[in-house]
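Working notes for the structure below.
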Amino acid sequence: MINIENYLKIKHKLDSKNIKLVAVSKKQPLERIKYLYDSGHKILGENQAQAIREKHKDLPADIEWHFIGHLQTNKVKYLVPFVSLIHSVDSKKLLKEINKEALKNHKTIDCLLQIHIAQEETKYGFNEEEVKNELDSGEYKSLSNVKICGLMGMATFTDDNNQIRNEFQGLKRLFDELKQAYFRSDSTFKELSIGMSDDYEIAIDEGSTIVRIGTIIFGPRTF
Ligand SMILES: *Cc1c(COP(=O)(O)O)cnc(C)c1O
């Protein structure tokens, strides 16, 4: 069941550090989401384009929808009308497709580049070399309707807090390096999206500016 006390505690801590909270509503029933909205929370995260399209119809229009999952290029068109920040851009092809659809919708979409920091093979994202090559090419500068606002990463699924901390520190170091090298005069490159239910406290220590928290607010996912 939804835990508003936990929400308020987390929100208070994040507010004091100017960190944004994305409440991850994937696979949560509408009643829980509405309850959180009525408690004052308006930033939600989903990992399926279709889910945002559907939930958008049943929920208030002033919700800020964030996309946090692997995005296939053929789904971009369903997402773009509703989304304000895409955390999980993991290829140039995807960035170009988002730009194309954003242009059609007369919007600019904020994007984060997802970096692969975990040991698991299955997590998506650029590695360090790939992201540097991408930025070196400079092609992103010609994409008028997307803005690269920072980086996102997911730590390894492990109980070893030192490992999680090391992975977050590595990403923060890369963030600082990229900012210096490519975005020095660009104040929009400022977001570091790290931290989930089990590791958000470590992420806060390591420089997170956006955390993505689901189960410790909403309770276990239901479908
Ligand atoms: C599901 C998900 C979350 C939230 O996970 P919790 O453990 O429920 O907090 C955060 N980020 C991404 C990318 C996710 O897919």
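The values are calculated or read from the model by the stated rules, or taken from the named source; none is laboratory data. All of these numbers come straight from a predicted model, not from anything done at the bench. Every residue, glycine among them, receives a Cβ derived from its backbone with ideal geometry; neighbour counts consider all protein chains shown. Accessible surface areas use protein heavy atoms only, side chains included; no ligands, DNA or RNA. Shrake-Rupley method; radii C 1.70, N 1.55, O 1.52, S 1.80 Å.
Values computed for the structure shown
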| item | result |
| --- | --- |
| With all protein chains modelled, accessible area of Arg221 [1.4 Å, Å²] | 100 |
| Lysines with Cα under 20 Å of Lys55, excluding same-chain neighbours fewer than 8 positions away | Lys26, Lys27, Lys34, Lys42, Lys75, Lys77 |
| Hits among aspartates and glutamates - C-alpha to C-alpha of Lys190 under 16 Å, sequence gap 8 or more where chains match | Asp110, Asp176, Glu177, Glu206 |
| Value in Å of the Kirkwood radius, where the stretch 111-218 supplies the Cα pairs that are averaged | 14.4 |
| Where labels lie 7 Å past Cα in the beta-carbon direction, separation of Asp205 and Asp186 in nm | 3.2 |
| The stretch 6-151: equivalent-ellipsoid semi-axes (sqrt of 5 x gyration tensor eigenvalues, Cα, Å) | 27, 19, 14 |
| Mean separation of Cα contacts under 8 Å (6+ apart) over length of the chain, as relative contact order % | 23 |
| Over 30 Å between alpha carbons, listed pairs Lys107/Lys132; Lys9/Lys92; Lys11/Lys92; Lys9/Lys104 | Lys9/Lys92; Lys11/Lys92; Lys9/Lys104 |
| Under-5 Å amide H pairs with Ser88, H placed in peptide plane, nonlocal only | Leu112 |
| Solvent exposure, largest accessible area first (probe 1.4 Å, DNA, RNA and ligands not counted), of Glu129, Glu201, Glu139 | Glu129, Glu201, Glu139 |
| Alpha-carbon centroid distance for the pair the stretch 142-203 / the stretch 67-115, whole angstrom | 18 |
| Ellipticity estimate at 222 nm from DSSP helix runs (n ≥ 4, -39,500 (n - 2.57)) divided over the chain, nearest 500 | -12000 deg cm²/dmol |
